[in-house]
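Notes to accompany the following structure.
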Amino acid sequence: VVAAVMFAFALLAPFCYILPAYAGPPMLSPADLQAIQNPLRVNFGNKAELLGYDVGKGRVRAGEAIAITLYWRCLGRMEHNYTLAVQVLGPDYQAYGGLNLYPGRGNFATSLWQVGDTFSETYWIPVAPDVPAPIMGRIKVALFMDDLTQEHLPVLGPQGQVADRSTVFGRIKIVPRERPEHVIENQVHYELGGKVALIGYELTPSIDRETGLDLRLYWQALSEIHDDYTVFVHWLDEGGQILTQQDNQPHNGTYPTGLWDEGEIVEDLYHLTVPAGFPAGQSPVLLAVGMYRLETLERLAVFDENGQRLADDRVILK
């Protein structure tokens with residue numbers, strides 16, 4: 001009986017275990033291609049086309065891995081086996097994690113691709129534990145020769161010109177390993193467009209008191225936000241004129257509002273330089289804070305805790 005069982009296992013093993021382990025990815029149907037959630041159409045040297053991608057919920061915890069699915073089409077036969085590089089980048093293009101590999105888990109090297117082949121593959125990309133989360137990540141993809149030349153398949157522009165050696169796309173929300181605890185010195189409550197609330201702030205001199213002030217704002221998302229809003233912080237004189245200002249998306253542009261979750265509290269730091277001619281050591285008269293849509297410069301309507309709309313749709317901090 002034992003011999004019979006072992007013989008049956010030996011017969012089945014090549015078909016049930018060995019062949020699937022070395023099989024290439026299945027080809028996609030036209031319906032599969034129509035269902036791609038994020039189409040791209042990136043041309044790599046008229047040899048390969050990145051049709052699109054998927055990142056699921058588009059979020060990952062620092063120190064963990066995120067599943068990135070890429071959809072490919074072969075445009076021309078390749079004599080060489082190009083290495084595929086998939087990375088998660090920070091806003092400064094620093095690599096937070098990545099993989100270099102042959103497609104198909106090593107079983108579908110580019111020299112095996114036939115013109116017209118379309119397939120998808122999911123890659124689990126580890127993200128470094130020391131990422132300064134929360135922060136926005138992006139995806140970088142390249143195809144290159146894994147030899148001394150490191151020759152890349154170039155990314156071609158609409159007119160067939162060489163645009164770059166890689167393509168960067170998408171957005172990933174990278175969250176801290178542990179939920180941060182916020183101790184808010186000055187608690188307030190102002191609602192901006194029913195989307196965001198300013199719930200507190202701290203104002204302290206910078207390390208060199210004569211260079212400026214540090215303003216720490218605490219925002220809370222009131223609902224899911226689909227747009228990226230720009231924050232303005234204006235240092236005003238007694239007449240309401242702007243002496244100096246800082247306008248950027250939260251976290252100095254690295255964590256846009258479109259990534260915030262409902263109920264999430266975001267700590268946001270701004271450094272204001274001392275206006276020319278302003279008396280050294282003197283406190284600011286007024287600080288005006290708000291948000292606007294960059295494309296139209298339209299500000300989010302600001303309401304106080306009593307539901308009263310504020311003039312000029314801005315919060316005045318003293």
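Observations on the model:
- Residue check: LEU19 meets all listed conditions (1) within 28 Å of the chain's Cα centre (by Cα); (2) open to solvent by 40 Å² or more (accessible area, probe 1.4 Å); (3) at pLDDT below 95 but one, namely (1).
- Of the set (1) modelled with pLDDT of 95 or more; (2) open to solvent by 20 Å² or more (accessible area, probe 1.4 Å); (3) under 26 Å from GLY258 (Cβ atoms), all apply to GLY200 but (2).
- For region 206-249, filtering for residues that are surrounded by 14 or more Cβ atoms within 10 Å (Cβ to Cβ) and either more than 26 Å from the chain's Cα centre (by Cα) or in a strand (DSSP E or B) (or both) leaves 23.
- Scanning region 120-163 for residues that are on the phi > 0 side of the Ramachandran plot and open to solvent by 70 Å² or more (accessible area, probe 1.4 Å) yields a count of 1.
- In region 284-318, the qualifying residues are those that are under 17 Å from TRP235 (Cβ atoms) and open to solvent by 80 Å² or more (accessible area, probe 1.4 Å), and the one that is modelled with the lowest pLDDT is LYS318.
- Pairs where the first residue, in region 84-113, is without any contact (Cβ under 8 Å) to a residue 60 or more places away in the chain and the second is among the hydrophobic types (A, V, I, L, M, F, W, C) and not in a strand (DSSP E or B), C-beta under 8 Å, 6+ apart: GLY97/VAL127; GLY97/ALA128; TYR102/PHE108; TYR102/ALA109; SER111/MET78
- Residue within region 25-36 that is touching a helix residue (DSSP H, G or I) at 6+ places or on another chain (Cβ under 9 Å), modelled with pLDDT under 95 and open to solvent by less than 40 Å² (accessible area, probe 1.4 Å) present: yes
The values are calculated or read from the model by the stated rules, or taken from the named source; none is laboratory data. What you are looking at is a predicted structure, and each value in this text was computed from that prediction instead of being measured. Please note: Cβ atoms are built from the backbone with ideal geometry, for glycine as well, and neighbour counts cover all protein chains shown. All accessible areas refer to the heavy atoms of the entire protein, side chains included, with ligands and DNA or RNA removed. Shrake-Rupley method; radii C 1.70, N 1.55, O 1.52, S 1.80 Å.
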